[in-house]
Amino acid sequence: MGHYQPLLPDLILAMGATFILLLGPLRDSQNLRDFLRWISLGLVAATAATLVWVNHGMATPYPLVGEGWLTTAPLHTAFAVVFLATIAWTILASTVPDEDAGEWYSMLLFLGTGMIILARAANLAAVFLGLEVLSISLYILIAFRYSKRSSLRGGIMYLLLAGFASGFLLFGMALIYAVFGTLQIAEIRTLALATDMGPMAKVGFGLLLVGVGFKLAAVPFHMWTPEVYESSPGTVTGLIASSSKGAMLAAFIPFLFLLETHWSIIWLFAALSMVGGNLLGLREIRVKRILAYSSIAHIGYVLTGYLAGDTLSANAAFLPSITGVNAVFFYVVAYAASILGAFAALGYIQGERDLTLRDLRGVGRRNPVLAFCLLIFVWSLAGLPPAVGFFGKIYLFSAAINAGYFWLPLIGLLGSAIGIYYYLRIIVHLFMMPADASDPKVHASTLQEWVMLGSAVAVIALGLFPETIFSFLRAF
Amino acid sequence: MGPIGLQHYLVLGAILFVLGVIGIVSRKNAVGILISIELMLNAANINLIAFSRYSNKPIFPTTMPEAAYMDGQVFAIFVIILAACEAAVALAIILNLFNMFGTIEVDDADTMRG
C-alpha cells in the first residue's frame, strides 16, 4: 500500500456502496432493508475509523498522499468525519420502501464517498472528481421517487444547473492549469502568491468562483434552490443544504489565498445572500421553501466567516483565538445538526401537495415529540440562544470583525433579525394555531423519533458546551 | 498563419465553451441542454489536453519520470468518464420525464406543474 494507504477510507466506502447496490435486488423484504441499513451504518463507521487511523499523527500542513491527490491536514479530516456523521444520521432517519432499499443506501454511501474526497482534495482533478461523485449521487437521490412528478422535475433541474456549474468550474480549472502548469492546489498557491496574476489566471479563478457560487447557492446563483429543496425527499434536502455545501466549503479552504485578489466577489456573494435569502423567505408560505431561502442566508453567514481567512489577526477584539476557518467548521457542524433534523421532520409531515404553514397546524398536539424537536431545530436556525446556531453566528461574525470587516457582520445581524420573523412563523403555526378539520398526517417510526430526539438534544447540548466542537477539531 | 499552436486550441476551446453557454441559456429541450453541458465540459477538455501537451513542466520528475506532462491528459480522461456517468443518469431521468409529461421541455410551467 505504501503512500496509497490514505486512500483506504474512500476505497472502503465506494466498494461497500457497490456491494450494497448488488445486494439490493435480492429480496423485497423488511428484513433485508434493516440488514442493509445496519451494514451501511457499519461501513460509514468503518470508513470514519479508517480515516482517523490513517491520518493519525500526520500534522504537517497539507502533506500530499496518493501522488498528491488528497490532503491529510487535520481540519480536512475533521470535516470528512463530520460529513460521514451526517450520512450515518440520514441512513437512520430516512424512510424508504423495502424494494428500493439497496439503491437508496448505496447512493447515500456514494454521496459520502464524494464528500470525503471533495473535503480532502489537494488537486484540482480530485476536487472535480469528488464534486461529480457527490452531484451524480444527489441527482439520483433527488429524483428517487420517480413516480412523483415534482421529484423528477427537481432532479432534472438540479442536474442541468449543476452540470452548467460544473462546466464553469472545469473551464476555470483548465485556465488555471494553463497559467500555473500544475493541478496541485498547494503549488498553485505558491506560484500565485509569488507572482502577479495575469488576466488569464484572474478569469480562471473568477470562473471557478462562479461554479462554486452555483453549488453553494449563493445569491445571485440561488434560483434552483427553492424548487429543488421542495421536491426532494426531506432527508436528502437536509444533506443538500448541509454537508454537500459543507464539502464544497472544505474543498476551498486551500484556495483561501484568493482572498488577496478576489475578496470582493466573495464579499458580494455573502452580502447579497444574507439580504436576499432573508427577504425572499418573508412572503413564502411553503415551509420547505422558507427553509430553502434561509439556507441561502446561512451560506451568506458562512462566507462572512470564510472571508476572515485562516490566520489570527494581531489586534483581534472579540474571541481572538478563533480563526475564520475554525468558525466556518463550527458553523458547518452547527448548521448540519439543525437543518438535517428540520428537513427530516418536515419530510415526516404529509401535506396536501406542497407542505405549507397551514399543514403544520395541529402537529404540536398530534405528535408532540416531533413538533418539539422541530421547534428546537428552527430555534437553532434562527440563531437564538441557547441553541448551537447562536454560537455559530457569534464566532463567524466576531472572526469577520477581527479581520477588519465591519459592514458585512452588520448586514448579517440585520439579516438574522429579519429572518427570525419567518422562523417564528413556523413555530407559531406548529403550536399556537387551531388545527383544521382534517388531522395532519405524521409518519415517523419509533426509531426515527428517537433519532430526532437525540439530534435535538445534541443541538441544545452543543449550544450549552460550544467548546466541545473545538476540542473535537483539536483531537485530529 | 503559422503552424498550429497553443493559441489555436485556446480559441477553439473558448468558442466551444461560449457555444455551450449560449445553448444552455437559449434551449428548453432537456437533451439540448445536456448536449450544451457536454460541449462546455469538452471545451475545457481541449484546453486541458492542449496545455498538457504544450506546457513543459514535469509533475513528478524524480518519482515517475515517464508520467511527466501527463496530468492534464489524465484529468481529461476523468472528465470524460464523469460526463458519461452524468449523461447516463440524465437520460434516465429525461426518459421518465417524457413518459410522465409527454414532453422534455424543461421550463414548460403548465405541463410540468405537479
Here is a list of conditions, (1) under 23 Å from A:TRP267 (Cα atoms); (2) open to solvent by 10 Å² or more (accessible area, probe 1.4 Å); (3) within 11 Å of another protein chain (Cβ to nearest Cβ), and A:LYS215 meets all of them except one; can you say which number that is? (3)
Complete set of residues in the stretch A:134-150 that are more than 7 Å from chain B (Cβ to nearest Cβ) and surrounded by fewer than 23 Cβ atoms within 10 Å (Cβ to Cβ): A:PHE144, A:ARG145, A:SER147, A:LYS148
Regarding the stretch A:123-131, can at least one residue be identified that is within 19 Å of A:PHE343 (Cα to Cα), surrounded by 23 or more Cβ atoms within 10 Å (Cβ to Cβ) and at the interface with another protein chain (Cβ under 7 Å from one of its Cβ atoms)? no
Taking the stretch A:152-165 and the residues there that are under 18 Å from B:ALA44 (Cα atoms) and more than 7 Å from every other protein chain (Cβ to nearest Cβ), the one that is most open to solvent (accessible area, probe 1.4 Å) would be A:LEU161
Among the candidates A:MET223, A:MET200, single out the residue that is facing chain B (nearest Cβ under 10 Å) and either open to solvent by 10 Å² or more (accessible area, probe 1.4 Å) or touching a residue at least 12 places away in the same chain (Cβ under 8 Å) (or both). A:MET200
Within 20 Å of A:LEU396 (Cα to Cα), outside any helix (DSSP H, G or I) and under 17 Å from the mean Cα position of the chain (by Cα): is that true of A:ALA250 in this structure? no
For A:GLY112, all conditions in the list (1) open to solvent by less than 10 Å² (accessible area, probe 1.4 Å); (2) at pLDDT below 90; (3) away from chain B (no Cβ under 11 Å) hold save one; what is the number of the exception? (2)
Quick one: B:ASN29 ticks every box in (1) open to solvent by less than 60 Å² (accessible area, probe 1.4 Å); (2) modelled with pLDDT under 95; (3) out of contact with any strand residue (DSSP E or B) (no Cβ under 7 Å at 6 or more places or on another chain) bar one, so which box is it? (3)
Do we find a residue being open to solvent by 10 Å² or more (accessible area, probe 1.4 Å), at pLDDT 90 or above and in a loop (DSSP other than H, G, I, E, B) anywhere in the stretch A:405-426? no
Considering only residues of the stretch A:116-148 that are over 27 Å from A:LEU209 (Cβ atoms) and in contact with a helix residue (DSSP H, G or I) (Cβ under 6 Å, 6 or more places away or on another chain), which is modelled with the lowest pLDDT? A:TYR146
As an exercise: evaluate A:ILE91 against (1) aliphatic (A, V, I, L, M); (2) within 14 Å of another protein chain (Cβ to nearest Cβ); (3) more than 14 Å from A:SER242 (Cα to Cα) and give the number of the one condition it does not meet. (2)
Do the conditions hold for B:LEU48, that is, is it at pLDDT 80 or above and open to solvent by less than 10 Å² (accessible area, probe 1.4 Å)? yes
If you take the residues of the stretch A:444-470 that are closer than 16 Å to A:ASN367 by Cβ and of a type in the set (Ser, Thr, Tyr), which of them is surrounded by the most Cβ atoms within 10 Å (Cβ to Cβ)? A:SER455
Pairs, first in contact (Cβ under 8 Å) with a residue 40 or more places away in the chain in the stretch A:227-252, second acidic (Asp, Glu), C-beta under 7 Å, six or more apart: A:GLU230/A:ASP354
From the residues in the stretch B:86-103 that are at the interface with chain A (Cβ under 7 Å from one of its Cβ atoms) and under 15 Å from A:TYR158 (Cβ atoms), which one is nearest to the chain's Cα centre (by Cα)? B:GLU86
The number of residues in the stretch B:29-46 that are in contact with an Asp or Glu (Cβ under 9 Å, 6 or more places away or on another chain) and more than 8 Å from every other protein chain (Cβ to nearest Cβ) is 2
State whether one or more residues within the stretch A:167-184 are in contact with a strand residue (DSSP E or B) (Cβ under 7 Å, 6 or more places away or on another chain), within 14 Å of chain B (Cβ to nearest Cβ) and not acidic (Asp, Glu). yes
Please indicate, with yes or no, whether at least one residue in the stretch A:378-385 is at pLDDT below 90, open to solvent by 60 Å² or more (accessible area, probe 1.4 Å) and either over 18 Å from A:SER242 (Cβ atoms) or out of contact with any Ser or Thr (no Cβ under 7 Å at 6 or more places or on another chain) (or both). yes
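The values are calculated or read from the model by the stated rules, or taken from the named source; none is laboratory data. Quick caveat: nothing in here was measured; it's all calculated off a predicted structure. Note: ideal-geometry Cβ built from the backbone for every residue, glycine included; neighbour counts use all protein chains shown. Only protein heavy atoms, including side chains, enter the accessible area calculation; ligands, DNA and RNA are left aside. Shrake-Rupley method; radii C 1.70, N 1.55, O 1.52, S 1.80 Å.
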